[in-house]
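K.L.:
Shown below is the structure under consideration.
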Amino acid sequence: MTSSAAADNGATGGTQISSGFDIDAVRADFPILSRTVHGKPLVYLDNAATAQKPRAVIDAINEYYREYNSNIHRGVHHLSEKATSLYEGARKRAARFINAADSCEIVFLRGTTEAVNLVCSSVGQSIKAGDEIIISHMEHHSNIVPWQMLCNRTGAVLRVIPINDDAEMDVADFEALLGPKTRFVSLVHVSNSLGTINPVKQVIDLAHAQGVPVLIDGAQALPHMQVDVQALDCDFYTCSGHKTFGPMGIGFLYGKKQWLEELPPYHGGGDMIKYVSFDKTEYNDPPFKFEAGTPNVSGVIGLAAAMDYMEKIGHDNIQAHEHDLLVYATEQLSAIKGLRIIGTARNKASVVSFVLDDVHSHDIGTFVDHEGVAIRVGHHCTQPVMQRFGVPATSRASFAFYNTKQEVDTLAQALHKVIDIFGA
Amino acid sequence: MTELQELYQQVILDHNKSPRNFGELPDAPAVEGHNPLCGDNVTVFVKVVDGVIEDVKFKGAGCAISKASASIMTTLVKGKTVVEARELFVRFHELVTEDGDVDPLVLGKMAVFAGVRDYPSRVKCASLAWHTLKNALEDKTDAVVTTE
Ligand SMILES: Cc1ncc(COP(=O)(O)O)c(C=O)c1O
């Protein structure tokens, strides 16, 4: 990707790997990477589905359960105070990770799906028939279905930014959709099935010029690039912790303070209130207003460890290494006869989706698995993308900073075997 | 035979490349099946006369396992009674989902799918056409979605 375009869209950092990046040492931090599958060394190329966890994350969760397990916020005993301080410390950690102005702008929840549903439900309370919501053709189902449900309920209309044959959106198409009826824009930062990095900064600026708030789905951006929510000026930003080298079942929603104060709550329950009686309930301040019930404390602590870990590796190193992998994988895979890459945007994260002539992706997935290679096959929860490109499914290799060029070679060799067996 | 060759036996590769009874039957209802896991779909056409499956065809896009399974299924049920075809459905279902011995004599050509049970993610592929056929025989024309 070009660094100017990248910086413009929330990604910063050069392309020089600093001498501190030692791939062998990095791999040694991830216990699972040394295991074998079907007798072959594991080659894990399904990072867009979920990333592996470094020892620091596994240890942090372990330590919490061994040393501090207790409920947070209302306890007066030692363990609860310790757990609360770890939990609230993680909130500050997350705020620093995306450069939020205030840690009260971080709401912990299960991940991007829950974050979109929260915003959709709270924003949705003021949506009326005829209002319009804009998304793109490359959204994950989690950024389509909640809005569709809202539209069905209210009579609002979902408008979709088209994508071209290279899987890029044109900002002019967005501008054409943006109008006096537009109430909300929800856009994916990095597409999980295509790798496209969207021009989110331009979209946000255009929407704001019309007074329209914007949510950015950051599920696939945060694992790869440094994001600065203040520079982007987005109203909401989402994180799926498990894709960002953290534990399963935890993530967060960033929301500008003013929005979190203004919006009605999502779930009702404990912790999200200041005072409850049968006559009247007074809600708590953000972020607690949106965190009803006992949260996933160990998950939050593990996620903080993951963010520490990523920053220790360094965003510049991550971006430079992944850029090399993307270029190499694109070359190696394009050289395979009958292979077509789906998603050829100029500005792309390290995701390569492809189809092979005459071999269904499901068969490819099972075959390469027997060579130890884990890739994703299917529609990747983006069925409209499959419809757009006229394919039932794709195979997808998605890379993280711990992957290597040798692993790309192993995938390419496995694909050659598939072709031999299915005798194109 | 390696586990993988057990799954992708020559017979399966052959049916994948040249599926039998592939096409449409204009005078029979079209019943669709979808596999939400991979987005595959199959359409089955069955012509039943006096309780006997006089003709059967299928069309659709799918992986080798699902295509071969549909193809072999059509060769097995053609000429059978509806009752016999339902019985075959049950046998097939057991074959791909349950542990225990497989009697090759009872199963005939189906036996090549015995490897599928070791691949839970592929059971749906193998059974999609069968579930669709079952619906067609029960005159259910809503699309089948395999969920097992
Ligand atoms: C772009 C994108 N958005 C949203 C999601 C949903 O994230 P989660 O399942 O963690 O809620 C994913 C996960 O696959 C994704 O890739």
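The values are calculated or read from the model by the stated rules, or taken from the named source; none is laboratory data. Treat the numbers as computed from the prediction; the structure is a model and nothing was measured. Methodologically, a virtual Cβ is constructed for each residue, glycine included, from the backbone with ideal geometry; neighbour enumeration extends over all protein chains shown. The accessibility values were calculated without ligands, DNA or RNA, using every heavy atom of the protein model including side chains. Shrake-Rupley method; radii C 1.70, N 1.55, O 1.52, S 1.80 Å.
K.L.:
Does segment A:326-345 include one or more residues that are open to solvent by 20 Å² or more (accessible area, probe 1.4 Å), in contact with a Gly (Cβ under 6 Å, 6 or more places away or on another chain) and in the same structural domain as A:N47 (by TED's automatic domain parsing)?
P.N.:
Within segment A:326-345 (the criterion being open to solvent by 20 Å² or more (accessible area, probe 1.4 Å), in contact with a Gly (Cβ under 6 Å, 6 or more places away or on another chain) and in the same structural domain as A:N47 (by TED's automatic domain parsing)), the answer is no, since none of the residues qualifies.
K.L.:
Now for a separate question. Give the residue that is modelled with the lowest pLDDT, with candidates limited to residues of segment A:349-375 that are open to solvent by 10 Å² or more (accessible area, probe 1.4 Å) and away from chain B (no Cβ under 11 Å).
P.N.:
This residue is A:D357.
K.L.:
While we're here: Among the residues that make up segment A:172-183, is at least one of them within 16 Å of the ligand (Cβ to nearest atom) and either on the phi < 0 side of the Ramachandran plot or away from chain B (no Cβ under 14 Å) (or both)?
P.N.:
No.
K.L.:
Could you please give the count of residues in segment A:185-211 that are touching a Leu at 6+ places or on another chain (Cβ under 8 Å), farther than 27 Å from A:V352 by Cα and open to solvent by 10 Å² or more (accessible area, probe 1.4 Å)?
P.N.:
2
K.L.:
With the condition kept exactly as written, say whether any residue in segment A:42-55 is in contact with a Phe, Trp or Tyr (Cβ under 8 Å, 6 or more places away or on another chain), more than 28 Å from A:S350 (Cβ to Cβ) and not aliphatic (A, V, I, L, M).
P.N.:
no
K.L.:
Hand me the list of helices (runs of 4 or more DSSP H) wholly inside segment A:184-295 holding 2 or more residues that are within 27 Å of A:I342 (Cβ to Cβ) and at pLDDT 95 or above.
P.N.:
By residue number, A:200-209.
K.L.:
So which residues in segment A:44-80 are of a type in the set (D, E, K, R) and at pLDDT 95 or above, if there are any at all?
P.N.:
Correct list: A:D46, A:K53, A:R55, A:D59, A:E63, A:R66, A:E67.
K.L.:
Here's something else I'd like to know. Among the numbered criteria (1) assigned by TED's automatic domain parsing to the domain that holds A:F367; (2) within 17 Å of A:T294 (Cβ to Cβ), which one does A:H73 miss?
P.N.:
Of everything listed in (1) assigned by TED's automatic domain parsing to the domain that holds A:F367; (2) within 17 Å of A:T294 (Cβ to Cβ), A:H73 misses just condition (1).
K.L.:
Which residues, counting only those in segment A:251-286, are in contact with an Asp or Glu (Cβ under 7 Å, 6 or more places away or on another chain) and either charged (D, E, K, R) or within 20 Å of A:P213 (Cα to Cα) (or both)?
P.N.:
Listed by number, the residues that qualify are A:Y254, A:G255, A:K256, A:K257, A:W259, A:L260, A:D271, A:K274, A:P286.
K.L.:
If a residue counts only when it is within 14 Å of chain A (Cβ to nearest Cβ), which helices (runs of 4 or more DSSP H) contained entirely in segment B:1-120 have at least 3 such residues?
P.N.:
Qualifying helices (runs of 4 or more DSSP H): B:3-7, B:10-17, B:64-77.
K.L.:
Is there a residue being under 30 Å from A:Y402 (Cα atoms), within 16 Å of the ligand (Cβ to nearest atom) and among the aliphatic types (A, V, I, L, M) anywhere in segment A:225-237?
P.N.:
Yes, some residue in segment A:225-237 is under 30 Å from A:Y402 (Cα atoms), within 16 Å of the ligand (Cβ to nearest atom) and among the aliphatic types (A, V, I, L, M).
K.L.:
So B:T74 fits all but one of (1) touching a Phe, Trp or Tyr at 6+ places or on another chain (Cβ under 9 Å); (2) loosely packed, with under 14 Cβ neighbours inside 10 Å; what number is the exception?
P.N.:
Only one criterion is unmet by B:T74, namely (2).
K.L.:
For segment B:19-57, how many residues meet the condition of being over 12 Å from B:T132 (Cα atoms) and polar (S, T, N, Q)?
P.N.:
Qualifying residue count, segment B:19-57: 1.
K.L.:
Still on this structure: How about segment A:400-424: which of its residues are polar (S, T, N, Q) and either modelled with pLDDT under 90 or open to solvent by 10 Å² or more (accessible area, probe 1.4 Å) (or both)?
P.N.:
A:T404, A:Q406, A:T410, A:Q413
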